[in-house]
Amino acid sequence: MKITAIKTAVCNAEMRNWVFVRVETDQPGLFGWGEATLEWKTRGVVGAVQDLEPLLIGRDPRDIEQAVRVMVKHSFWRLGVIGNTAISGIEMALWDIWGKELNVPVWRLLGGKTRDKIKVYTHLGFGDMTSVYESMEHSKVVERGLEVIENGYRALKVVFIPYTHFTASPKQQDHVGGMMQKLREAVGDDIEIMIDFHGRPASTSAALQYIHALAPARPLFVEEPIQPGDALGMKQVMDKSPVPIATGERLVDRREFDDLFRLRAINIAQPDLCHVGGFTEARKIAAMADTAGVGIAPHNPLGPLAGVAALHFDIATPNFVIQEEMSGAVPWYHDVVNGPIRRVDGYWQVPDRPGLGVEVDEKEIAKHPFKQEVMHAGHAMLDDGTVVDW
């Protein structure tokens, strides 16, 4: 069996452009699908897939580890997030091909089942960008939180940390603590709540002030309390935090996770299968995390193929904790990809279709061509004009 072509299809889903990757083979009717979505870098990723294609033409798609090594090592330049995202989409498609050929689901090839169902969570407002990133009023947070619960979820994530520089004012701290307490009172103690800091605090001290304000309402974890890349800073936060610490969505390979694991600087790692290189690299990151006593909660606010890939990964990953998903991102979400995801009482069920188990409607994709995503320039700015992390 040989790879004959690698193609991309871009589908605009309002908040982001989904990038789907199709790997074709010389076996009639046998091809695989993956996802390589990267916000605000759509054209770069599509170009990277095109640049990587010649490295794989004529190779056996079942030699997945070798294919990844070729793409990483023969590209010469360190690929970064754009290149690794392109590799991720291609790599997922190779697993899809192998599973289809053997007539087994991908999770079987990853080592088999380690659990009977997958706990998931979503965001306030589902796919609405304003609801996700600009939920700063008590009443709206409570209203949207209850809507998530009414839709059958047992866990949710919120982003209501103010745009912050190196210090957090008493007013900001009280606002964050009050928002969390109101939300906890509304949804009750049976619902898990996570708070995404989005790396907004520019100092560990500001991050810790917010964490202590949140702690009485017992969040499952706080995410990305400071910007990525500062393992020593994260260790400082971890050592002083009464709440579990999670990070990793902006790290792109196991080397970038290594310092966090060696320093025991986090409780939860959040690799994104669409950004770290697909299943191959994500499995290595999960194994490193397990050795360090760290759980895995994969990042995934992306498209339907990314969700299916996460489902297969979670089934076979022993130190899995909870899965992010955003299946309500657009009303036609399930028209583009007919997949095996089925949610019951806040849990995804284990699928049995071969490969990833998806059918992609390319005609439906064509109805939603590329559009420039909304940029956040001007939003993350303090009253005095200081630009901060959004």
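FYI, it's all coordinate maths here, none of it is from the lab. In this text the structure is predicted, and so the values were computed from the model without any measurement. We place every Cβ from the backbone using ideal geometry, glycine too, and count neighbours over all the protein chains shown.
When the Karplus curve 6.51 cos²θ - 1.76 cosθ + 1.60 is applied with θ = phi - 60°, which whole-Hz ³J(HN,Hα) does each residue of the range 99-109 get, with x for Gly and Pro? Values per residue, Gly and Pro as x: x, 5, 4, 8, 6, 9, x, 4, 4, 5, 5 Hz. Full extension of the chain segment joining H138 with D190 gains 16.7 nm, where the gain is 0.36 nm per residue of separation less the Cα-Cα distance. About its Cα centre, the range 3-104 has a charge dipole of approximately 280 debye under the convention of +1 per Lys or Arg Cβ and -1 per Asp or Glu Cβ, with nothing else charged.
Summary of the geometry: the range 326-390 and the range 142-194, compared by the centres of their Cα atoms, lie 22 Å apart. For the chain, the dipole from Cβ point charges (+1 on Lys and Arg, -1 on Asp and Glu) about the Cα centre works out to 720 debye, to the nearest 20. Which FRET efficiency value, to the nearest 0.05, do you get for N103 and R342 by plugging their Cβ-Cβ distance into 1/(1 + (r/R0)^6) with R0 = 22 Å? Between N103 and R342 the formula returns 0.60. The residue among P219, F261, N151 whose Cα reaches farthest toward the positive pole of the charge dipole of the chain, with charges on the beta-carbon of Lys, Arg, Asp and Glu, is F261.
Please identify every one of the trypsin sites (Lys or Arg not before Pro) in the range 113-203 that sits in a loop by DSSP and has no more than 12 other beta carbons within 10 Å of its own beta carbon. Don't skip to the end; give the middle numbers.
Details: sites: K113, R115, K117, K119, K140, R144, R154, K157, K171, K182, R184; in loops: K113, R115, R154.
When the trypsin sites (Lys or Arg not before Pro) of the range 113-203 are filtered for loop state and at most 12 Cβ neighbours within 10 Å, K113 remain.
In terms of overall dimensions, the range 268-390 has a Cα radius of gyration and Dmax of 17.4, 56 angstrom. Pairs of Cα atoms nearer than 8 Å and 6+ residues apart set the relative contact order; for the chain it is 21 percent.
Residues whose amide H falls under 5 Å from that of F160, counting only those 5 or more places apart or on a different chain, are D196, with hydrogens built in the peptide plane. Helical runs (DSSP H, four residues minimum) scored at -39500 (n - 2.57) apiece and divided by the length of the chain put the mean residue ellipticity at 222 nm at -12000 deg cm²/dmol. Farthest toward the positive end of the dipole of the range 108-356, out of Q181, G111, Y210, is the Cα of G111, where the dipole comes from beta carbon charges about the Cα centre. Simple rule: put +1 on each Lys or Arg Cβ and -1 on each Asp or Glu Cβ in the chain, find the dipole, and look at V388, L38, T25; the Cα lying farthest toward the positive end is T25. Placing dummy labels 7 Å off each Cα toward the beta-carbon, the span from D239 to K73 is 3.9 nm.
Which shape class applies to the range 3-104: rounded if a/c is under 1.5, otherwise prolate when a/b exceeds b/c and oblate if not, where a ≥ b ≥ c are the square roots of the Cα gyration tensor eigenvalues? Cα axes put the range 3-104 in the oblate bin.
For A5, the residues whose amide H sits under 5 Å from its own are E24, ignoring neighbours fewer than 5 places away on the same chain, with H placed 1.01 Å from N.
Can you give the net charge of the other residues whose Cβ lies under 12 Å from the Cβ of G295, counting K and R as +1 and D and E as -1? Local charge sum for G295: -1.
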